[in-house]
Amino acid sequence: MRVLTGIQPSGDLHIGNYFGSILPMIQSQGEHEVFAFIANYHAMTSLSSDGARLAGLTMQAASDFLALGMDPHKSTFWVQSDVKEVLELYWVLSAFTPMGLLERAHSYKDKTARGIASNHNLFSYPVLMAADILLFGTNVVPVGKDQIQHVEMARDIAMKFNNQYGDIFTMPQFRVDENVATVPGTDGQKMSKSYGNTITIFGEEKAQLKTIKKIVTEVVGVEEPKNFENCNVYNIVKLFLDENALRALQDRYTRGGEGHGHFKLYLAEVMWDYFAVYREKRAYYETHQDEVRDILALGATKARAIAQPIMEKVRSVSGIRY
Ligand code: ADP
Ligand code: TRP
């Protein structure tokens, strides 16, 4: 089964990203054929006026994912723009994309409603995403709820093409993993860059602690027993703990005698230790950027080997190959 994920290179990764999408992907390597790419063309919808930043964020995303366990031998890991066929397919698929389909896209409507300037690339973004998915014979696309509609659009577009020209594209399915936790942010809402409530994976130790201290908790006297189920600190730290450690922590809550400040310090410590080995790997990749580039080039070669025969069929049936 081929599972494909696109990663927007949009800055510092947070622990919501980690538990919600990175860890499940890393763990499924070997079990499934993992295809993961850094969606730098997509990022141009928000970063078109700062080329240096986009290039920097692309390399940062590559280093981060490699550090966190993306294995370029088990999986196929590349940068979107290194496989140019995707742009060719984007154009071909545009001819099978009714304007009405794009006009109904929630994500586009939400963004324009929030006053984000609407360029053509923002409007046509779902067609490029369809190309990302269909170019690699993808079976499954793991997504958050906000991206379901985009995968459905990819299916609609694929269906129209296949109806015209035969069974060229594999029909992708989206998968929303209900078992994966929605990680709360410091204010208790879903952790998200857009809410400014994130705890980053690779922040400085002091800054990290400062953020953790901001986590909203209920006001209860130190001596009193505390409720752990609804505690934002508990609901974050539990993601890092095994059953024994979890039970010990629950005891500390119910026993009383400690304030939420203690639990915050514990979270900071647990997180710092958990990511220690990844921090080291990341530091390595940061000082070995040529190695990162070599890995990405290898990934692009592997990705292209899958894309080219599919694209060749598309050219042939659609009359582009003459
Ligand atoms: P953000 O909301 O910070 O902009 P993205 O939309 O870039 O995050 O998310 C990238 C991936 O991380 C998606 O697959 C998304 O489902 C996952 N993710 C983001 N925030 C969380 C969260 N709080 N809990 C679980 N998964 C999350
Ligand atoms: N649109 C996705 C996001 O914003 C990123 C993405 C681009 C993607 N192409 C994709 C995800 C293909 C899955 C498959 O998060």
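What the Cβ-Cβ distance of LEU298 and LEU101 gives, at R0 = 30 Å and to the nearest 0.05, is a FRET efficiency of 0.25. Here, the chain has an Rg and a Dmax of 21.9, 80 Å when only alpha carbons are counted. FRET efficiency for the pair SER81 and GLU269, taken as 1/(1 + (r/R0)^6) with r the Cβ-Cβ distance and R0 = 51 Å, rounds to 0.80. Taking 0.36 nm per residue of sequence separation and removing the Cα-Cα distance, the GLN164/ALA276 pair yields an extension gain of 35.0 nm. Element breakdown for the chain at a 1.4 angstrom probe: carbon and sulfur atoms account for 50% of the accessible area. Applying a DSSP loop filter and a limit of 11 other Cβ atoms within 10 Å to the GluC sites (Glu not before Pro) in segment 8-96 leaves GLU31.
Long hydrophobic helices in the chain, taken as whole DSSP H segments with a C-alpha length of 27 Å or more on their own axis and mean Kyte-Doolittle hydropathy at least -1.0: 289-318. Looking at segment 212-251, the GluC sites (Glu not before Pro) that sit in a DSSP loop and have at most 10 other Cβ atoms within 10 Å of their own Cβ are GLU218, GLU223, GLU229.
Report the one residue of GLY256, ILE212, ILE236 whose Cα lies farthest in the direction of the positive end of the charge dipole of segment 203-274 (charges on C-beta: Lys and Arg +1, Asp and Glu -1; origin at the Cα centre). It is ILE212, whose Cα lies furthest towards the positive end.
For segment 101-138, trypsin sites (Lys or Arg not before Pro) are listed when DSSP marks them as loop and at most 15 other Cβ atoms sit within 10 Å of their Cβ; the list is ARG104, ARG114.
Averaged over its residues, segment 30-122 has an accessible area of 47 Å² per residue, based on protein heavy atoms and a 1.4 Å probe. Charge dipole of segment 176-322 (Cα centre as origin; +1 on each Lys and Arg Cβ, -1 on each Asp and Glu Cβ, all else neutral): 740 debye, rounded to the nearest 20. Going 7 Å from the Cα of ASN244 along its beta-carbon direction, which residues of segment 257-293 have the amide nitrogen within less than 18 Å of the resulting point? Once the point is set 7 Å along Cα→Cβ of ASN244, 270, 274 turn out to lie under 18 Å by backbone N, inside segment 257-293.
Rg ratio for segment 104-197: its Cα radius of gyration over 2.2 N^0.38 Å, N being its residue count, equals 1.28. Distance between the pseudo-spin-label points of THR287 and THR254 (7 Å out from Cα toward the beta carbon): 4.8 nm. Direction-averaged projected area, Cα convex hull, segment 9-107: 8.0 nm², rounded to one decimal.
Once R0 is set to 35 Å, what does the formula 1/(1 + (r/R0)^6) return for the Cβ-Cβ distance between SER94 and ASP177, expressed as a FRET efficiency to the nearest 0.05? Here the calculated transfer efficiency is 0.70. Computing Rg and the Kirkwood Rh from the Cα coordinates of segment 203-274 gives a ratio, Rg/Rh, of 0.95.
The values are calculated or read from the model by the stated rules, or taken from the named source; none is laboratory data. This structure is a prediction, so every number in the text was calculated from the model and none was measured. Every residue, glycine among them, receives a Cβ derived from its backbone with ideal geometry; neighbour counts consider all protein chains shown. Accessible surface is based on the protein model in full, side chains and every heavy atom, while ligands, DNA and RNA are left aside. Shrake-Rupley method; radii C 1.70, N 1.55, O 1.52, S 1.80 Å.
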